[in-house]
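The values are calculated or read from the model by the stated rules, or taken from the named source; none is laboratory data. Remember, predicted model here, so these are calculated numbers, not experimental data. Every residue, glycine among them, receives a Cβ derived from its backbone with ideal geometry; neighbour counts consider all protein chains shown.
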Ligand SMILES: [Zn+2]
């Protein structure tokens, strides 16, 4: 059996992650508020990498949460600029 390895951290991708659980996770992560199209596109790419077992669950969650945090900070900065 071929062992899939995460392209980010090189960890073995756990076969425990079944497809319905991973679809559920993707749904949750993608439904979190996001304000920028650029980041949303990157999240879609991460989701497809995760679905195709190119990245592990830890990296997937980490990257999506990071992108969402970045988006939030950028948006706050833009709002502050406009208020000045
Ligand atoms: Zn990983």
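If only one of 31, 7, 19 is over 19 Å from residue 68 (Cα atoms) and modelled with pLDDT under 80, which one is it?
The conditions single out 19.
Among the residues of segment 41-60, the ones that are within 10 Å of the ligand (Cβ to nearest atom) and in a loop (DSSP other than H, G, I, E, B) come to 3 in all. Among the residues that make up segment 61-78, is at least one of them surrounded by fewer than 17 Cβ atoms within 10 Å (Cβ to Cβ), in a helix (DSSP H, G or I) and within 11 Å of the ligand (Cβ to nearest atom)? So far as segment 61-78 goes, yes, one or more of its residues are surrounded by fewer than 17 Cβ atoms within 10 Å (Cβ to Cβ), in a helix (DSSP H, G or I) and within 11 Å of the ligand (Cβ to nearest atom).
One residue stands out in segment 34-60 among those that are surrounded by 14 or more Cβ atoms within 10 Å (Cβ to Cβ) and more than 18 Å from residue 4 (Cα to Cα): the one that is modelled with the lowest pLDDT, namely 34.
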